[in-house]
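Okay, structure first, notes after.
The values are calculated or read from the model by the stated rules, or taken from the named source; none is laboratory data. Small disclaimer: the values here were computed from a predicted structure and weren't measured. Glycine gets a Cβ as well: all are built from the backbone with ideal geometry, and neighbour counts include every protein chain shown.
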Amino acid sequence: MTRPISDACLKCHVTFAKNTDASGKGNTYENNNFIYGIDCERCHRPAEKHVIYHRANPDSVQPKFIMLADTLSRQQSLDICAQCHSGLRSQQLKGGPFSFMAGENLELYSRNYYFNRPGAKLDVHGNQYGLLTSSKCFKESPKMDCTTCHNPHKNQRGDTSYFNHKCISCHETLISMCTAPKSEINAMANNCIACHMPLSPSETMKVKLTQDEDEAPIMIRSHLIGVYPNSAQMK
């Protein structure tokens, strides 16, 4: 069985790729027009002038010719992450899959499957943006964005202590008001995200390890922050 890798896949797993098919539907790319991985430019715009300047001026501590994250509005910051973390943005409105640049309005370039589908159930895979922005935490926190809890320059996967600290930094006065049974709190080991952002089965990511097995869903951390029943069994 073969699975074609298209622009829709690559746009979230590489910084740039040029399809040899002008329609973008092909499965062949130019080797000399391929930037592997997600690098600085996806969040800070093209940086050639920045690199040239700072190589020529290594003692300069003031960033030049680069998009600075702290100059962006909350929505502009969210849009950077939403390029890849807001579901399958299959409706291309403007340009190509790599046309959007930080600081622009992402909705002018593409829309995802859930646009104008208010009753659609958001899957835990891929649409962290949609889940987060649906959360009460987000709606009641005017400055909250992805970088409130995530540092894009560090690998924080599995760092439970770090993320718990992020929760407590905003909810410190509410810790003593937790209504969960003491036994459940102990089972969670005071792990905020295990209870309020539990691992949940994806409807779109499933694996079949052997020919005889049924497909099993991948468990992914939900970004819909809330209170979940039976979350102690889902951590």
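Determine whether K18 is over 22 Å from the mean Cα position of the chain (by Cα), assigned to a strand (DSSP E or B) and either of a type in the set (K, R) or within 30 Å of D145 (Cβ to Cβ) (or both).
It is true that K18 is over 22 Å from the mean Cα position of the chain (by Cα), assigned to a strand (DSSP E or B) and either of a type in the set (K, R) or within 30 Å of D145 (Cβ to Cβ) (or both).
Hey, can you tell me all the residues within region 66-88 that are without any contact (Cβ under 8 Å) to a residue 60 or more places away in the chain and farther than 20 Å from K143 by Cα?
I66, G87, listed by residue number.
Filter region 12-37 down to the residues that are exposed (fewer than 13 other Cβ atoms within 10 Å of the Cβ), under 18 Å from R89 (Cα atoms) and modelled with pLDDT of 90 or more and list them by number.
H13
When you scan region 49-56, do you find a residue that is over 23 Å from N155 (Cβ atoms) and buried (at least 16 other Cβ atoms within 10 Å of the Cβ), even just one?
Yes, some residue in region 49-56 is over 23 Å from N155 (Cβ atoms) and buried (at least 16 other Cβ atoms within 10 Å of the Cβ).
Test V61 against the stated conditions and say whether it is surrounded by 11 or more Cβ atoms within 10 Å (Cβ to Cβ) and either modelled with pLDDT of 90 or more or not in a loop (DSSP other than H, G, I, E, B) (or both).
no
Can R42 be described as surrounded by 12 or more Cβ atoms within 10 Å (Cβ to Cβ) and assigned to a helix (DSSP H, G or I)?
yes
Give the residue that is surrounded by the fewest Cβ atoms within 10 Å (Cβ to Cβ), with candidates limited to residues of region 64-109 that are more than 28 Å from D123 (Cα to Cα) and not hydrophobic (A, V, I, L, M, F, W, C).
D70
Taking only region 106-162 into account, find how many residues are over 15 Å from the mean Cα position of the chain (by Cα), closer than 18 Å to Q83 by Cβ and modelled with pLDDT of 90 or more.
4
Restricting to region 123-179, what's the tally of residues that are outside any loop (DSSP other than H, G, I, E, B) and either under 14 Å from M197 (Cβ atoms) or in contact (Cβ under 8 Å) with a residue 12 or more places away in the chain (or both)?
Residues in region 123-179 being outside any loop (DSSP other than H, G, I, E, B) and either under 14 Å from M197 (Cβ atoms) or in contact (Cβ under 8 Å) with a residue 12 or more places away in the chain (or both): 21 in total.
Of everything in region 60-79, what is among the acidic types (D, E) and closer than 19 Å to S134 by Cα? Give them in sequence order.
D79
I'd like to verify a number: residues in region 118-174 that are buried (at least 16 other Cβ atoms within 10 Å of the Cβ), hydrophobic (A, V, I, L, M, F, W, C) and in contact with a Cys (Cβ under 9 Å, 6 or more places away or on another chain), how many?
Here the count works out to 7.
Within the set of pairs 6 or more residues apart or between chains, which connect a residue that is closer than 30 Å to L68 by Cα and among the hydrophobic types (A, V, I, L, M, F, W, C) inside region 21-43 to a residue that is at pLDDT 90 or above and not in a strand (DSSP E or B) with Cβ atoms less than 7 Å apart?
Sorted first by the residue in region 21-43, then by its partner, the pairs are C40/A47; C43/I80; C43/A102; C43/P152.
Please state which one of C84, C9, C40 is closer than 29 Å to R221 by Cβ and modelled with pLDDT under 90.
None of the others qualify; the one that does is C9.
Being out of contact with any helix residue (DSSP H, G or I) (no Cβ under 7 Å at 6 or more places or on another chain) and assigned to a loop (DSSP other than H, G, I, E, B) narrows it down to one residue among I5, I35, I52; which is it?
Only one candidate passes the filter, namely I5.
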